[in-house]
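Derivation of every value follows stated rules applied to the coordinates shown; laboratory data play no part. These figures come from a predicted structure and were not determined experimentally. Cβ: placed from backbone, ideal geometry, glycine included. Neighbour counts: every protein chain shown.
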Amino acid sequence: MAKTSVEIDLEKLNRTREILGTDSIRETIDAAFREVIRVAAVRDLVTLADEGAFQALLEPGAEERLWG
């Protein structure tokens with residue numbers, strides 16, 4: 001883990017704390033990083049769905065073929 005010093009917009013920090021329900025700066029930054037990573041994963045899933053990656057799951061009998 002790297003230790004760094006940065007200037008932080010306190011209004012944005014406080015709003016982010018409210019949204020995430022965090023108390024400390026460290027906790028807020030960690031939660032914000034996790035949320036950005038989560039959003040990217042959801043976008044990746046949406047892209048896969050748009051490209052038809054899950055289409056076979058919607059076909060009749062898919063559950064039986066997959067789970068036997």
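Worth pointing out:
- Against the chain, whose longest principal axis comes from its Cα atoms, helix 10-20 is set at around 40 degrees.
- For the range 1-40, applying the loop criterion from DSSP together with a ceiling of 15 other beta carbons within 10 Å to the trypsin sites (Lys or Arg not before Pro) yields K3.
- Length gained on full extension, D23 to S5, computed as 0.36 nm times the residue gap minus the Cα-Cα distance: 4.6 nm.
- Computing Rg/Rh (Cα atoms, Kirkwood Rh) directly from the structure and comparing it against (1) 1.28; (2) 1.08; (3) 0.99 singles out (1).
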